[in-house]
Amino acid sequence: MPRKTTKSLVRDAAPDRLYNSMAVSKLINRVMRDGKKQMAERLVYGGMEKAAKKLKVDNPLEVFEQAMKNIQPHLETRSRRVGGANYQIPFEVKSQRQQHLTTMWFVAAARDRKGMSMEDRIALELVDAYNSAGAAVKKKEDVHKMAEANRAFAHFARS
């Protein structure tokens with residue numbers, strides 16, 4: 001008799017109200033604190049508008065999507081024990097984890113900026129990410145460098 005299969009652990013959030021985008025919705029949920037979703041929406045939408053105005057782009061969603069694309073990691077390292085030694089083995093990042101890491105790094109980079117409102121922090125981080133600069137893009141580059149440096153151990157991934 002075959003074993004029972006479990007339901008998928010992934011829950012899909014509803015797309016956001018303004019742009020009907022799942023990625024924006026996930027960012028809003030990550031920015032949200034203490035269940036204050038409207039506050040998070042106001043911060044994210046305001047930041048997107050400010051970033052688009054600063055870059056002189058008509059559509060804030062274009063700025064957001066390009067910024068997120070510039071942050072998205074393609075490789076990461078995972079620790080694996082082989083023969084008594086731990087190796088950092090590079091792996092390709094699956095799409096769902098790419099999106100998760102992107103939003104995590106973006107929000108962390110925005111929160112690390114001090115001395116201004118969260119809306120301004122989001123706007124500046126979007127502008128920096130759009131121009132392939134800023135803390136979130138640096139985090140991606142560091143992860144890629146780590147994976148590149150440990151490319152010699154990639155053969156352990158297949159065993």
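Can you give the net charge of the other residues whose Cβ lies under 11 Å from the Cβ of ALA133, counting K and R as +1 and D and E as -1? If you can, show how the numbers build up before the last one.
Working: positive: LYS138; negative: GLU125, ASP128, GLU141.
So the surrounding residues net to -2.
Tell me, how many Å apart are the Cα centres for the stretch 93-141 and for the stretch 145-159?
The two parts, judged by their Cα centres, are 26 Å apart.
In the chain, if the dipole is taken from +1 on Lys/Arg beta carbons and -1 on Asp/Glu beta carbons about the Cα centre, which of PRO90, ASN59, MET22 is farthest to the positive end?
Final value for the positive-end residue is PRO90.
Using the alpha carbons of the chain, what is the convex hull volume per residue in cubic angstrom, as a whole number?
On the way: hull volume 27.2 nm³, N = 159.
Once divided by residue count, the hull of the chain is 171 Å³.
Taking only Cα atoms, what is the 0 to 90° angle, nearest 10, from helix 37-55's long axis to the longest principal axis of the chain?
Value to nearest ten degrees: 80.
What does the extension gain come out to for MET146 and ASN20, with contour length at 0.36 nm per residue minus their alpha carbon separation?
Values: separation 126, 0.36 × 126 = 45.36 nm, distance 3.55 nm.
Result: 41.8 nm gained on full extension.
Sort LEU126, LEU18 so that the residue with the fewest other Cβ atoms within 10 Å of its own Cβ comes first and the one with the most comes last.
On the way: LEU126 28, LEU18 14.
Result, fewest neighbours first: LEU18, LEU126.
So how compact is the stretch 22-94: Cα radius of gyration and Dmax in angstrom?
Final numbers for Rg and Dmax: 18.0, 56 Å.
With charges set only on the Cβ (+1 for Lys and Arg, -1 for Asp and Glu), what does the dipole of the stretch 1-49 come to about its Cα centre, in debye to the nearest 20? Can you show the working numbers first?
Working: 11 positive and 5 negative charges, 82 e Å.
In total the dipole reaches around 400 debye.
For LYS138 and ALA85, FRET efficiency with R0 = 30 Å and r from the beta-carbon atoms, rounded to 0.05? Please list the in-between numbers first.
Values: r = 29 Å, r/R0 = 0.98.
Result of the calculation: an efficiency of 0.55.
With the dipole of the chain worked out from charges on the C-beta (+1 for Lys and Arg, -1 for Asp and Glu) around the Cα centre, which of HIS100, ALA129, MET68 lies farthest toward the positive end?
The residue sitting farthest along the positive end of the dipole is HIS100.
What is the angle, in °, between the Cα long axis of helix 118-130 and the longest principal axis of the Cα atoms in the chain? Nearest 10 is fine, range 0 to 90.
On a 0 to 90 degree scale, this one is about 60.
Going by how many other beta carbons lie within 10 Å of each one, how would you line up MET118, MET1, fewest first? Don't skip to the answer; put the middle values down first.
On the way: MET118 20, MET1 3.
Least crowded to most crowded, the residues run MET1, MET118.
Say R0 is 30 Å: what FRET efficiency, to the nearest 0.05, do PHE153 and MET116 get from their beta-carbon distance?
Values: r = 42 Å, r/R0 = 1.40.
Once the sixth-power term is evaluated, E becomes 0.10.
No lab work stands behind these numbers, since they all come straight from the coordinates. If you're wondering where the values come from, they're calculated on a predicted model, not measured in any experiment. When we count neighbours, we look across all protein chains shown, and the Cβ atoms used for this are built from the backbone with ideal geometry, even at glycine.
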